[in-house]
Amino acid sequence: MVRIIVLVCVVFSMIFSMGVSHNISLTHSENERLIALSNLQAKSFVPLRQLHSKTLSGELKLELEKNAQWKKLINSNKMAVGLVIFPMGLGSPQAVWINGNVMMYAASLPKIAVLFATYQAIENGDLEETPEITELANEMIRYSNNEATNTLINKIGGLKNVQKYIKNPEYGFYDPKYGGGLWIGKYFNKDTKRYPEPMKGYTHSATVAQVCRFYYLIAQGKLINADRSAQMLDILSNPGLHHKFVNYLEKKYFVGNIFRKSGTWKIWHADSVMVWDKNNQPLFIAVGLVESPNGEAILRDLIVVMEAFINRNRVPNGYFVLNGR
């Protein structure tokens with residue numbers, strides 16, 4: 001009995017120590033995410049770029065280049081792949097990417113930047129948190145609703161304000177030193193003035209390294225803070241579109257533990273997921289950007305290869321065996 005009381009006190013102490021700014025009221029689902037994040041925060045935080053494995057990245061590139069079509073796309077900077085393998089127990093995650101800092105047009109995937117900007121504006125006191133905001137965010141992420149996205153952009157104060165949050169050096173989701181990254185330079189499905197990013201002129205862009213960082217920071221409770229990370233994590237769960245990576249993953253994993261944002265426009269196809277196990281422990285992050293008419297099929301096949309790569313490269317210091325549900 002004493003042990004139970006002590007354990008409860010420790011958990012609540014950890015949650016309290018993370019701070020609840022602006023009197024955040026979390027739902028039951030968000031609280032479950034927060035408790036999971038509190039356990040992850042007990043481990044020391046290391047910036048993801050410091051965890052990049054050149055060895056594993058080289059091995060993954062060799063594996064992908066067995067496919068002649070993929071090899072051609074990779075070598076022409078028309079395919080980029082990112083992967084983060086989380087440990088079970090001791091050890092650090094490992095980041096693996098191919099063309100990691102190659103910025104590509106990413107259609108609706110950069111809406112994750114609008115999600116971040118929304119909750120940063122709320123945290124700053126510049127936007128009131130209401131049920132409408134939550135509903136709009138859910139529509140934007142789970143169903144990629146363009147009107148919901150445009151409404152949120154306006155509520156934040158317009159494209160320039162979204163870009164201000166993206167470029168904030170604290171997070172650096174768009175950073176010329178690393179090839180650019182996430183960018184929102186135009187409203188979605190709307191003929192309005194463009195504010196393209198300065199390096200390549202894209203209006204909706206991403207790099208796989210920056211997308212991996214986005215999910216990684218959320219998994220560590222470091223994107224804004226643990227409470228806001230938990231809220232964004234909940235919105236990213238239960239994807240409403242069942243193509244690309246999710247077409248394969250939802251057959252193996254609990255859909256409530258698949259966190260996802262994708263994008264498609266003409267020949268540009270993008271997908272990004274973070275998958276947790278049944279014990280709410282992160283397993284992996286996977287990101288793919290492809291410029292090809294066959295991009296949808298490529299991404300469906302790619303996630304199978306990426307999962308097999310994770311299994312083959314688990315190491316003795318506690319890296320996981322994928323166990324699905």
Ranked output for segments 214-221, 27-34 by mean other Cβ atoms within 10 Å, highest leading, reads 214-221, 27-34
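List, in the order given, every pair from K160/K193; K167/K261; K78/K190; K190/K266; K200/K222; K160/K186 whose Cα-Cα distance in the structure shown is over 18 Å.
Details: K160/K193 12 Å; K167/K261 20 Å; K78/K190 26 Å; K190/K266 16 Å; K200/K222 29 Å; K160/K186 10 Å.
Correct reply: K167/K261; K78/K190; K200/K222.
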Taking a ≥ b ≥ c as the square roots of the eigenvalues of the Cα gyration tensor, with a/c under 1.5 meaning rounded and otherwise prolate when a/b exceeds b/c and oblate if not, region 185-243 is prolate
dims of region 100-185, Cα set, principal axes, largest to smallest, nearest Å -> 37, 27, 17
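So if I place +1 on the C-beta of Lys and Arg and -1 on the C-beta of Asp and Glu, and nothing else carries charge, what would the dipole magnitude of the chain be about its Cα centre? I want it in debye, nearest 20. Display every interim value, and only then the final one.
Working: 36 positive and 26 negative charges, 196 e Å.
Computed charge dipole of the chain: roughly 940 debye.
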Residues other than N146 with Cβ under 12 Å of its Cβ, Lys/Arg counted +1 and Asp/Glu -1, net out at +1
Here, GluC sites (Glu not before Pro) of region 95-183 satisfying both criteria (DSSP loop; at most 12 other Cβ within 10 Å) are E128, E170
For region 100-258, shape from the Cα gyration tensor axes a ≥ b ≥ c, cut at a/c of 1.5 then a/b versus b/c, turns out rounded
If each part is reduced to its alpha-carbon centroid, region 221-261 and region 191-206 end up apart, in Å, by 27
Computed from every Cα-Cα pair in region 2-312, P(r) in 20 Å bins starting at 0 and rounded to whole percents is 35, 59, 7, 0
Straight-line reach check, K111, cutoff 14 Å on alpha carbons, 8 or more apart in-chain or any other chain, hits among aspartates and glutamates -> E139, E147, D271
Expected sort for D175, D301 with the fewest Cβ neighbours (10 Å cutoff) up front is D301, D175
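Using the Cα centre of region 188-325 as the reference point, and only Cβ charges (+1 on K/R, -1 on D/E), how large is the resulting charge dipole? Debye, rounded to the nearest 20. Before the final figure, lay out the partial values.
Numbers: 18 positive and 11 negative charges, 16 e Å.
For this selection, approximately 80 debye.
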Across K186, K164, K78, the residue with the highest GNM fluctuation in the chain (Cα network, 10 Å cutoff) is K164
Dipole check, the chain, charges on Cβ (K,R +1; D,E -1), about Cα centroid: among Q220, T207, S262 the Cα furthest to the positive pole belongs to T207
Answer check: region 168-325, Cα atoms, Kirkwood Rh, Rg/Rh ratio of 0.97
Listed residues A286, A226, A121; largest mean-square fluctuation, Gaussian network over the chain with Cα springs below 10 Å, found at A121
Computed ³J(HN,Hα) along region 204-218: with the Karplus parameters 6.51/-1.76/1.60, θ = phi - 60°, integer Hz and x for glycine or proline, the list is 9, 10, 6, 10, 5, 5, 5, 5, 4, 4, 4, 5, 4, 5, 5
Most fluctuating of Q163, Q69, Q231 in the GNM of the chain (C-alpha, under 10 Å) is Q69
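Net charge near Y119, counting Lys/Arg +1 and Asp/Glu -1 over other residues with Cβ under 10 Å of its Cβ?
Numbers: positive: R228; negative: E123, E129, D227.
Charge balance near Y119 sits at -2.
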Scalar couplings 3J(HN,Hα) for region 295-308 by Karplus 6.51 cos²θ - 1.76 cosθ + 1.60 (θ = phi - 60°), nearest whole Hz, x for Gly and Pro, are x, 4, 5, 4, 5, 4, 6, 4, 5, 5, 5, 5, 5, 4
Rounded to whole Å, √(5λ) for the Cα gyration tensor eigenvalues of region 137-219, largest first, gives 20, 16, 12
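Readers should treat all values here as calculations from the given coordinates under stated rules, not as data from a laboratory. Here the structure is a predicted model, which means the values were calculated and not measured. Every residue, glycine among them, receives a Cβ derived from its backbone with ideal geometry; neighbour counts consider all protein chains shown.
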